[in-house]
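This report concerns only the one structure given below.
The values are calculated or read from the model by the stated rules, or taken from the named source; none is laboratory data. The shown structure was predicted, so the numbers you read here are calculated from the model rather than taken from an experiment. Heads up, the Cβs are rebuilt from the backbone with ideal geometry, glycines too, and the neighbour counts pull from every protein chain shown. For the accessible areas, the whole protein counts, side chains as well, though only heavy atoms, and no ligand, DNA or RNA atoms are used. Shrake-Rupley method; radii C 1.70, N 1.55, O 1.52, S 1.80 Å.
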Amino acid sequence: MSGQKGKPAAPGGRPRTGARVAAVQALFQSEQAGENPESVIAEFVRHRLGPNEADDGYGEGRIPEADAKLFARIVRNTAAQIESLDETIGRALAKDWPLEKLDPVLRALLRAAAGELATPKDPPARVVINEYLDIANGFFVGDEPRFANGVLDALARAYRAEEFAPAPRG
């Protein structure tokens, strides 16, 4: 894995993408600082989500256009089932590359995606994969997006195999 850009490009009017970017950042912060996910959610809703009079861009970690409800749902669902999500992610990784060895931002991204994929079928798995792949491309400049694509595909097939089953002939 070769490096991070720092923050993804602004999703430009895509509140659901903004929510996912914020969820990745919040899960990262929760893990790195050892903060309770509910505290991180509250901080993000108060200080990082939505427009800011001084700067409506992505400066200072702000995500001006984000669906706050989706953001909170992703973080809560992911935090509530982190152990089982980590087991599933671990099965999608090479045996010599455990989850703990991954870049912490990539780990947060995979956890957020797994948290969404582990919930009912909305949105479709392919949408979840595409959204998190876009986010990975925003955060990383090296091989991480390609790596994430393979893991996201494996996670989608683990959680939503029925969406990948061949259509019945008839």
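Orientation-averaged projection of the stretch 59-148 equals 6.5 nm² [convex hull of Cα atoms, one quarter of hull surface area]. Volume of the convex hull of the stretch 95-170 (Cα atoms only), normalised per residue: 105 Å³.
Within the stretch 71-170, the trypsin sites (Lys or Arg not before Pro) that combine a DSSP coil assignment with at most 13 other C-beta atoms in a 10 angstrom radius are Lys95, Lys121, Arg169. Inverting the pair-averaged 1/r between distinct Cα atoms of the stretch 120-161 gives 10.4 Å as its Kirkwood hydrodynamic radius. With the biggest extent put first, the Cα atoms of the stretch 14-170 measure 57, 40, 31 Å across the principal axes.
Which of the chymotrypsin sites (Phe, Trp or Tyr not before Pro) found in the stretch 96-170 are loop residues per DSSP with 15 or fewer other Cβ atoms within 10 Å of their Cβ?
Working: sites: Tyr132, Phe139, Phe140, Phe147, Tyr159, Phe164; in loops: Phe164.
When the chymotrypsin sites (Phe, Trp or Tyr not before Pro) of the stretch 96-170 are filtered for loop state and at most 15 Cβ neighbours within 10 Å, Phe164 remain.
How large, in percent, is the carbon and sulfur part of the accessible surface of the stretch 11-170 at a probe radius of 1.4 Å? List each step's numbers first, then the result.
Values: 4070 of 8020 Å².
Exposed carbon and sulfur together represent 51 percent of the surface.
Note on Trp97 and Glu162: their simple-model spin labels are 3.1 nm apart, each label 7 Å out from Cα toward Cβ.
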